[in-house]
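A quick write-up on the structure given underneath.
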Amino acid sequence: MQQNALLWRPASIVAVVSFALGMKSIPLLRSYQYTAWIIVAVVAGMIYPAAFSHWGSVDLRNKWLILVVVQLVMFGMGIQMSIRDFSGLASTGKGVLIGLSCHFSVMPLMGLLLTKVFHFEPEIAAGIILIGSCSSGLASNVMVYLARANMVLSVVVTAMATLAAPFLTPLLLKLLAGTLIEIKFVNMMMEIIKIVLVPISAALLHDYLKTASPRGWRTVQLLCFVAVSWLVALAGGLWQFFETHLASSEALESIGVVGFLAAALLVGVLYHWLTNRYKQLDSIMPYLSMFGIIYFTAVTTAAGRDNLLKVGFLLFLTSVIHNAAGYFFGYWLSRLAGLDKNSARTVAFEVGLQNGGMASGLAGSMGKLGTVGLPAAVFSPWMNISGSILANYWRRKPVAVEENAVISLQ
């Protein structure tokens, strides 16, 4: 048996890696290559779980390491955003409201329903509700672009969902999964700010500095001085003072978030300085984000390997139903509300696609990567596959010009 394992384990890894590399040469499969690498991470985590537990003395599941990797992922995604993205809010208000309402109602409630139907153990059930309660990610923007739907609406819904997530995600998780695991509302809200808003604010600062006026630069320089002073004070003993004299963990978390925001300011300025000298840096960052997602997919799979062997098929079936429900209800509720077909297609992607990185980061911060984080590792690959299939299908069936009304005219 051991000799067989010595053969089939490396052979399996070679097979999936070869398939992922070979997809680039097949036009029909080229758009799924990134998904194939996620599948490679899942297979590697399942076959060699110990390799994704520790590297020497480094704990690959350490919550601070997971936090840094997820922040890198979100920063790479944020580089693809722009402050100008928010300017479309005035012309897409109705669509944004419908998109946000559907996203933060259909997906968490569908997640709750599926946990009741399939009777998952509490922490895995909480993970399903968690990923349903997360905001949409930039994957939805990519799918909308491929489908030639309403790109302006997609970008604005993603941006607003990201801003709403620090409040709505812990609220929904408290209401729907509060009996399954302990949910500390304020602590989770602070974690989401650190995971999502901090790196994206650094990326948006870089975008602002591209066209900043001399006065704007002086303001940023002043803020950098304040940020450096605050961080030096924290490192010099102020943090220990707060730890000793603050009885509330929520207050300490808030001070920690201020420190993260100060660091984000410095990172944004430093990154802008680097991009002025290395122009290709912006094009490299999305690949670093992809590597980060592949990393914590492998680590999560390895951590939850035993659970995945028991409930892997049910989790996959749950992901298919959950994802399909998002597309179905996102599209048809939008049509019932009066949106045009292209805008309804956009809302379908915004509702059906969740931010798996955010879910994994939150699970890591709880120290429950192998249970609460497991649904994200299963849901994410399928969301990429189904999203690509649906986007290419709608791309081949464009909406007639007369049907493609602008949301502001609805």
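The values are calculated or read from the model by the stated rules, or taken from the named source; none is laboratory data. Being a predicted model, the structure only gives us computed values, none of them experimental. Neighbour counts are summed over all protein chains in view; Cβ atoms, including those assigned to glycine, are modelled from backbone coordinates with ideal geometry. Calculation scope for accessible area: heavy atoms of the full protein, side chains included, ligands and nucleic acids excluded. Shrake-Rupley method; radii C 1.70, N 1.55, O 1.52, S 1.80 Å.
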From the options Ala348, Ala324, residue that is within 19 Å of the chain's Cα centre (by Cα), aliphatic (A, V, I, L, M) and open to solvent by 30 Å² or more (accessible area, probe 1.4 Å): Ala324
Test: residue in segment 78-89 that is in contact with a helix residue (DSSP H, G or I) (Cβ under 6 Å, 6 or more places away or on another chain), among the β-branched types (Val, Ile, Thr) and surrounded by fewer than 20 Cβ atoms within 10 Å (Cβ to Cβ): yes
Some residue of segment 29-40 being open to solvent by 70 Å² or more (accessible area, probe 1.4 Å) and touching a Lys or Arg at 6+ places or on another chain (Cβ under 7 Å): yes
Hits in segment 116-146 (condition: at pLDDT 85 or above, more than 16 Å from Ser319 (Cβ to Cβ) and crowded, with 24+ Cβ neighbours inside 10 Å): Ser135, Val144
Pair list, Cβ under 7 Å, 6 or more apart: segment 238-255 residue without any contact (Cβ under 8 Å) to a residue 12 or more places away in the chain, other residue of a type outside the set (A, V, I, L, M) and open to solvent by 50 Å² or more (accessible area, probe 1.4 Å): Leu252/Glu243
Residue in segment 231-238 that is of a type in the set (A, V, I, L, M) and under 24 Å from the mean Cα position of the chain (by Cα) present: no
Flag for Ser388 being under 16 Å from Ile39 (Cβ atoms) and open to solvent by 10 Å² or more (accessible area, probe 1.4 Å): no
Matching residues, segment 327-345, being open to solvent by less than 10 Å² (accessible area, probe 1.4 Å) and part of a loop (DSSP other than H, G, I, E, B): Leu339, Asp340
The listed residue being assigned to a helix (DSSP H, G or I) and open to solvent by 50 Å² or more (accessible area, probe 1.4 Å), out of Leu252, Leu231: Leu231
Options Thr318, Thr275, Thr301, Thr244: the member that is of a type in the set (Val, Ile, Thr) and either open to solvent by 70 Å² or more (accessible area, probe 1.4 Å) or on the phi > 0 side of the Ramachandran plot (or both): Thr244
Positions within segment 49-74 being closer than 24 Å to Asn355 by Cα, open to solvent by less than 40 Å² (accessible area, probe 1.4 Å) and not in a loop (DSSP other than H, G, I, E, B), in sequence order: Ile66, Leu67, Val69, Val70, Gln71, Val73, Met74
Members of segment 271-319 that are more than 21 Å from the chain's Cα centre (by Cα), aromatic (Phe, Trp, Tyr) and over 17 Å from Ala203 (Cβ atoms): Phe313
Positions within segment 278-298 being of a type in the set (Phe, Trp, Tyr) and open to solvent by 70 Å² or more (accessible area, probe 1.4 Å), in sequence order: Tyr278, Tyr287, Phe291
Number of the condition not met by Ser105 [criteria: (1) free of Cβ contacts under 8 Å to residues at least 12 places away in the same chain; (2) in contact with a Phe, Trp or Tyr (Cβ under 8 Å, 6 or more places away or on another chain)]: (2)
Extreme residue, modelled with the lowest pLDDT, among residues of segment 90-105 that are small (Gly, Ala, Ser) and either buried (at least 23 other Cβ atoms within 10 Å of the Cβ) or assigned to a helix (DSSP H, G or I) (or both): Gly93
Single match in Gly236, Gly259, Gly216, Gly268 (criterion: open to solvent by 30 Å² or more (accessible area, probe 1.4 Å), assigned to a helix (DSSP H, G or I) and among the small types (Gly, Ala, Ser)): Gly236
Some residue of segment 180-192 being basic (Lys, Arg), farther than 30 Å from Val106 by Cβ, outside any helix (DSSP H, G or I) and modelled with pLDDT under 90: no
In segment 147-171, the residues that are surrounded by fewer than 24 Cβ atoms within 10 Å (Cβ to Cβ), on the phi < 0 side of the Ramachandran plot and not small (Gly, Ala, Ser): Met151, Val152, Met160, Leu163, Pro166, Phe167, Leu168, Pro170, Leu171
Hits in segment 358-376 (condition: assigned to a helix (DSSP H, G or I), open to solvent by 10 Å² or more (accessible area, probe 1.4 Å) and touching a helix residue (DSSP H, G or I) at 6+ places or on another chain (Cβ under 6 Å)): Ser365
